[in-house]
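Heads up: the structure comes next, in structure tokens.
The values are calculated or read from the model by the stated rules, or taken from the named source; none is laboratory data. What you see is a predicted model, and the numbers here were worked out from it, not measured in a lab. Glycine gets a Cβ as well: all are built from the backbone with ideal geometry, and neighbour counts include every protein chain shown. Calculation scope for accessible area: heavy atoms of the full protein, side chains included, ligands and nucleic acids excluded. Shrake-Rupley method; radii C 1.70, N 1.55, O 1.52, S 1.80 Å.
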Amino acid sequence: MSNTKIRRLTIARAMAEAIQQEMQSDPRVFVMGEDIGALGGVFGNTRGLLEEFGRERIRDTPISETAFIGAGVGAAQDGMRPVVELMFVDFFGVCFDAIYNNMAKNNYFSGGNVKVPMVLMTSTGGGYSDAGQHSQCLYATFAHLPGMKVVSPSNAYDAKGMMIAAIRDDSPVVFMYHKGLQGMGWLGTEAAATVDTPEQPYQVELGKAKIVREGSDVTIVGLAMGVHNALKAADKLAEEGVNAEVVDLRSLVPLDRETVISSVKKTGRLIVVDEDYQSYGVSGEVITSVVEHDYSLLRSGPKRVAYPDVPIPFARHMEQFCLPNADKIVAAFHAM
Amino acid sequence: MTKTQRNRFQKGQNTMLISRETKLWMYKTMLLSRRFEETIEQIYLEGKTPAFNMANGPIPGEMHLSNGQEPVAVGVCAHLNAEDIVTATHRPHHQAIAKGVDLKRMTAEIFGKQTGLSGGRGGHMHIFDTNVNFGCSGIIAQGMGPACGAALSRKMQNKPGVAVSFIGEGAVNQGAFHESLNLAALWCLPVVFVVEDNAWGISVSKQDSTAVARNDVRAAAYDMPGHFVENNDPLVIYKVAGDAIDRARSGGGPSLIEIETFRLAGHFMGDAEAYRPDGEKAFLESKDPIPAFRKILLAEGTTDVALDHLKDQVEEQVSAAIAFARESAYAPAEDALTQVFAQGEYHE
Ligand SMILES: Cc1ncc(C[n+]2csc(CCOP(=O)(O)OP(=O)(O)O)c2C)c(N)n1
Ligand SMILES: [Mg+2]
């Protein structure tokens, strides 16, 4: 047995530890972003790094996302391994060209001669009344565009292993962390995201979903906060004698369609939970993967519990009305 | 605190003649903004103790206070009419109040109520009041393009009005800043860009984010006048803004003004402000522009009684706005699914 210490970590601390360990072992790794230095990241995921590595490798940037994400691309192409933070995913609008026309395409345009080993980490999610420019998930917006891996962990163990895997990956990885899972009390955190996490560095393979609860009656698929809602719904369904299986996608690109399909083979029913906008999104993609493979796997029409196609409102009761939750998932099951 | 930081606020400047009426309006409006925010600050903390969770209380979400920055809002907006356009930022209260946004409905919006300016959909970072042509964006520098467009529209329609785009000093490093300045100059638009330099963009200081010490120099790159106002002085701001706005109104084109100001609070409520150098907070509090302006007015012969009377009026306005917001109902939750498109509908 290894002598690895296990601690309960928040996702914020797990991300910071993953970056710290990769920076210790690989001098090419460095971090850029807004308020990631002295502040340690608005969402705590770079805390302590400035103190250990100094301003050369932990770079607070101007509010110039186009420039510093573009700089991440250039540095990655030239042999560095930048971890770049876009503070809220909602801000992608001011810098998307650097992301989807450069970061995501240069590998292809160069015929594989130029690699872009960078991590773009960015916060997602609402539920705390930050309104429609600071609460979106936008998973599908990124996953739709070829050339970048897109991942989003639901707990600290996965967050650490996936961050290490992302930094070591030779392809660009968009690492989307949900604010409500960060373990920051001021955002009202989901306690179940804070889990046992080994101190030793380890990787969680990108592109692999995980069955986080086994069951035989219905498959509930989600990612990030959606997994916690699905698990709560599964508890409620269990009280009715319904045995739900919960799949944590963990990665959207690559998407582990096989795990979803084999689960549905077993259960015959599929519900997809998604905090991103419903139309043209994750739920449609997951359902299509199953139906295209073999539509006879489904014993009833699939259901989705996703964010309606409206900008996210500020008022708490309106936002809560729109967000997916366990009761909506249970209701979706009953409607099958 | 370093010497340069201290120097930021030590020089005074002389002022032109400004009518007593205008000065009293400026004082009263600064006070209104301050008392409004002090009250909002208290209510914001309701339901957030002992554990601070942004999602709780009658005012959830982020809260960016502007106290300390009132001189910018009044010095600029004193020259504006309802028809003029203002685009503001994530820190909009002082500008909204100085522009004459409906205080009751703005307060109700901050509470997320049905009577709010947007029925609770926007909240504190998305204040829109069409009666006075006021709007906001929480995305840095994204008010600048729309300000250019509003100015263009007035020009094309041959209608009066200028646009003022307020931004923080952190916004000058966005592409939108440079693109908007160039566009405004190229098309000679009636727009004035006002940079509120409070020295910080969240935890990152101006000197750590910006290659030039003063952003007025950047105006030269777009062949427009650039001005820098030191010391958060409402009367100097009034004069400099007046010149720039007159110029825009009379077809002379855009200007860029950077105003040295400061925020007395954290970036948002809940900010521990550990990044501030020791002593900065206390030093800034000693430079509070509102008591300083009161002293000027007293020295010029306005009586304590008259100023206290203004204060009473302000207290009444704030209480009325808060009472209106508290007593208003929430919209039905399903209203979240309305107003996505122009006919009030949404499409699944
Ligand atoms: C494009 C974009 N990037 C980052 C942010 C996050 N953010 C919100 S306020 C802020 C600091 C802004 O500083 P400044 O412009 O000086 O305004 P101040 O907060 O000082 O009023 C940042 C980085 C944002 N809202 N939009
Ligand atoms: Mg600032």
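Some points to look at:
- For the protein assembly as shown: accessible area per residue (Å², 1.4 Å): 38 Å²
- Size descriptors for the protein assembly as shown, from the alpha-carbon set: Rg then Dmax equal 26.4, 88 Å.
- Positive-end residue, region A:210-335 charge dipole about Cα centroid, Cβ charges, pick of A:223, A:302, A:280: A:302
- Total formal charge among the other residues, if their Cβ is under 13 angstrom from that of residue A:312, Lys/Arg +1 and Asp/Glu -1: -3
- Relative contact order for chain A, counting Cα pairs under 8 Å that sit 6 or more residues apart, in percent: 16 percent
- Placing a label point 7 Å from the Cα of residue A:200 along the Cα-to-Cβ direction, the residues of region A:1-32 whose backbone N falls under 14 Å from that point are A:1-7.
- With eigenvalues of the C-alpha gyration tensor scaled by 5 and rooted, chain B, Å: 29, 26, 21
- The solvent-accessible area of residue B:230, taken with every protein chain present and a 1.4 Å probe, is close to 40 Å².
- Using the Cβ of residue B:227 as centre and a radius below 9 Å, the other residues enclosed give a net charge of -3, where K and R count +1 and D and E count -1.
- Positive dipole terminus of region B:13-70, leading residue within B:68, B:53, B:27 (C-beta point charges): B:27
- Violating pairs (Cα-Cα greater than 24 angstrom) within the set B:28/B:155; B:28/B:113; B:48/B:113; A:210/A:303; B:104/B:206; A:328/B:104: B:28/B:155; B:28/B:113; B:104/B:206; A:328/B:104
- If the convex hull is drawn through the Cα atoms of region A:1-90, its volume per residue in Å³: 119 Å³
- With all protein chains modelled, accessible area of residue B:233 [1.4 Å, Å²]: 30 Å²
- The protein assembly as shown: antiparallel DSSP beta bridges as a percent of all, rounded to 5: 20 percent
- Helix A:257-267 vs. chain A, principal-axis angle (Cα, 0 to 90°, nearest 10): 20 degrees
- Both the radius of gyration and Dmax for region A:201-250 are 11.8, 41 Å, in that order, over alpha-carbon atoms.
- Dipole magnitude of the protein assembly as shown about its Cα centre (Cβ charges: Lys, Arg +1; Asp, Glu -1), debye to nearest 20: 480 debye
- Given charges at beta-carbon only (K, R positive; D, E negative), |dipole| of region B:3-326 in Debye: 340 debye
- Length-normalised contact order of chain B in % [C-alpha pairs under 8 Å, at least 6 apart]: 22 percent
- Summing Lys and Arg as +1 and Asp and Glu as -1 over all other residues whose Cβ lies under 14 Å from the Cβ of residue A:222 gives a net charge of -2.
- Listing of region B:184-214 residues, each with accessible area lower by at least 10 Å² in the full protein assembly than in the chain alone (probe 1.4 Å): B:201, B:202, B:203, B:204, B:208, B:209
- Computed on protein heavy atoms with a 1.4 Å probe, the accessible areas place A:277, A:177 in the order A:277, A:177, largest first.
- With both residues required to sit in region B:66-222, DSSP beta bridges show an antiparallel share near 20%.
- Radius of gyration, Dmax [chain A; alpha carbons; angstrom]: 19.4, 58
- Sorting A:170, A:217, B:216, B:278 by accessible area puts them as B:278, A:170, A:217, B:216; the probe is 1.4 Å, largest comes first, and only protein heavy atoms count.
- Region A:6-198, Cα convex hull volume normalised per residue, Å³: 104 Å³
- Solvent accessible area, Å² - residue A:129, 1.4 Å probe, full protein context: 0 Å²
- At least 18 Å along the helix axis (C-alpha) and Kyte average at least -1.0, DSSP helices within chain B: B:20-45, B:144-157, B:234-249, B:304-327
- Solvent-accessible area lost in complex, 50 Å² minimum, residues of region A:300-315 relative to chain alone, 1.4 Å: A:309, A:310, A:314
- Estimated from helical segments only, the mean residue ellipticity of the protein assembly as shown at 222 nm is -11500 deg cm²/dmol, where each DSSP H run of four or more residues counts as -39500 (n - 2.57).
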